[in-house]
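Please treat every number below as a calculation from the coordinates, not as lab data. Every value quoted in this text rests on a predicted model; they were computed, and no experiment measured them. Don't worry about glycine lacking a Cβ; one is built from the backbone with ideal geometry, like all the others, and counts go over all protein chains shown.
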Amino acid sequence: MINSDRLRSTTKEDKDEKFAKIWFQALARFHRVPPLVSWQFNREQVLAYLRDRLSNGVPTWQRLKIVEGLIWYRVNFQNLKPDFLEGLKVVLKRTIVFERIDASPGPEEIEDVVGKIDPNEPDVIQAMRRSLRGLGHAYNTEKAYVQKVRSFMRERTLNSIADFDAITSRDVEEHLTDLAVDGDVAPSTQNQAYYALSFLFEHVLKREMEAINAIRSSKATRIPTVLSKTEVAEVLSHLKGIYSVIGRLLYGCGLRITECLRLRIKDFDFDRRLIEVHNSKGEKSRFVPFPEQLVEPIRELVRRRKIVHERDVADGIASVWLPFALDRKYPSAHRELKWQFLFASERHSRDPKTGRMHRHHLHSDTFPANLKKAVDTCKLLKHASSHTFRHSFATHLLQDGTDIRAIQELLGHSDIATTMIYTHVLARPDFKIVSPLDRLIGGAVQVRGGSSLPTECVKTMPNQAVEVNESTVEESKKMDSVAVLVPREVAVALNEQGTEKAIAVSSSGGVTDSKSDGRIAPNVQRRIGVWWEFVRSWCLRR
């Protein structure tokens with residue numbers, strides 16, 4: 001079992017929690033209220049405190065840290081949503097960007113902040129890319145938002161930012177409704193379109209978007225597909241080479257495919273057997289356990305990666321993409337081995353933001369193609385994707401008794417409700433539902449208890465004869481007489497020997513109703529059904 005205390009002590013959670021408490025207490029002191037968890041501060045109180053910090057010369061980046069600390073406190077201690085704090089965080093991030101641009105207004109400096117923008121794109125798309133990059137959004141988010149805005153522009157025949165002067169919230173509402181009604185899109189697709197257009201109005205058009213009352217997409221939420229441990233082992237056995245290592249990391253650490261491919265050499269701690277995961281969903285970081293089976297394969301990959309890197313250095317082309325402003329803070333870091341991607345591509349590629357050439361990681365489509373071949377070879381009839389390993393990781397940990405909070409940390413979920421989906425009843429070994437078909441009486445079907453009644457429950461049942469009548473079991477109304485039985489003996493018989501033994505140990509004389517060919521007479525089958533319901537209901541009451 002994974003030691004959740006060890007993992008918790010090694011994550012950045014301790015630091016986040018420390019500063020969250022500091023800023024919450026500072027906010028409480030400023031407003032002269034007791035710093036109790038029950039105090040739910042509001043937007044006006046936070047704004048008043050931030051204005052005070054500004055008047056005292058506190059820089060924007062530190063005020064941003066205050067808001068981030070309060071968000072952490074609100075989510076983790078008060079179990080509330082960030083709400084208004086997220087808006088304040090966005091505003092402060094944007095302020096930091098504009099401060100940097102104002103401090104160095106030249107075009108080269110602006111390009112350093114937002115990267116290269118294609119001048120042939122519509123001006124509204126160019127402006128949106130600048131805003132997204134300036135606020136530090138991921139490139140995948142930029143691509144998705146731009147795609148949604150382009151779709152909106154095609155539908156409304158818009159070509160430039162000036163064309164948006166006549167666009168209102170009503171147009172957005174109609175577009176979102178069309179997506180749900182005519183497009184039949186998933187709720188997540190409709191939500192992404194809404195957030196993209198909301199970002200466009202707020203950060204590009206500088207207008208407030210009114211309330212949207214579009215028809216919502218109502219596709220059912222699906223439970224995750226989970227492979228059994230046997231199925232996981234079989235699929236992994238058919239993955240070869242570097243894809244075998246990737247597959248085992250996905251399952252052994254519960255990683256998303258992008259998190260796995262972005263792992264750098266420095267992220268592997270061989271001594272503590274931990275792996276650092278950075279730049280994951282929501283720009284969060286976390287630690288996950290380093291599977292013992294992967295220590296030597298990873299060492300070998302590092303050795304091979306070093307050979308390729310030394311060749312790149314000799315050729316003068318060694319370079320890797322670095323997040324945020326690390327390439328300016330550490331000018332030579334992009335050439336250092338520790339910063340290189342472990343799962344590197346065979347050739348260099350151009351960064352779409354900066355235009356610089358780097359040796360990037362493998363494309364995210366390469367592993368799914370190899371996984372599909374492995375699944376087909378196994379003749380597995382489940383739909384298995386890269387994310388299925390992550391679902392299986394969480395479910396198997398839960399089945400093995402790992403605390404749900406530890407699983408939440410390992411998966412990097414902000415909200416425990418997201419992790420709770422893995423607690424669906426089919427994943428619980430302590431609660432097994434037996435289909436009524438397996439209890440059916442009559443015809444060729446016979447009642448057999450199997451492992452349906454736990455031994456601990458059977459031991460608590462009465463060991464003396466009791467009556468089973470209409471007041472005890474509803475189904476007994478079908479009987480032509482009152483039955484007398486010893487619950488514990490019948491339960492043991494049903495669990496171990498089947499219906500014939502249950503008849504023999506009961507005091508109702510049911511054995512005399514057996515036919516000469518060994519089959520049970522219909523009236524006895526009905527009686528056994530009632531007995532079974534009685535002993536099962538006893539267990540449920542316990």
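Pairs from the table (Lys15/Lys65; Lys329/Lys353; Lys15/Lys329; Lys143/Lys372) lying more than 20 angstrom apart at Cα are Lys15/Lys329; Lys143/Lys372. Counting other Cβ atoms within 10 Å as a rough exposure proxy, the listed residues Cys260, Cys378 run Cys378, Cys260 from fewest neighbours to most. At an R0 of 25 angstrom, the distance between the Cβ atoms of Lys329 and Asp83 translates into a FRET efficiency of 0.15. Expressed as a fraction of 2.2 N^0.38 Å, the value expected for a compact globular protein of N residues, the C-alpha radius of gyration of the stretch 201-334 is 1.47. When +1 charges are put on Lys and Arg Cβ atoms and -1 charges on Asp and Glu Cβ atoms, the dipole computed for the stretch 4-204 relative to its Cα centre reaches about 1180 debye. Panel note: the C-alpha atoms of the stretch 309-355, placed on their principal axes, show extents of 26, 21, 19 Å (largest first).
Rg and Dmax of the stretch 222-429, based on Cα coordinates, read 18.0, 58 Å.
The peptide list 383-396, 284-297, put in order of mean Cβ contacts within 10 Å with the highest first, becomes 383-396, 284-297. Remark on the stretch 4-204: ratio of C-alpha radius of gyration to 2.2 N^0.38 Å is 1.23.
Placing unit charges on the Cβ atoms of the charged side chains and taking the dipole of the stretch 222-429 about its Cα centre, the candidate lying farthest along the positive direction among His238, His358, Phe393 is His358. Exposure proxy ranking for Asp376, Asp178, Asp267, based on other Cβ atoms within 10 angstrom of each Cβ and starting from the fewest, stands as Asp376, Asp178, Asp267.
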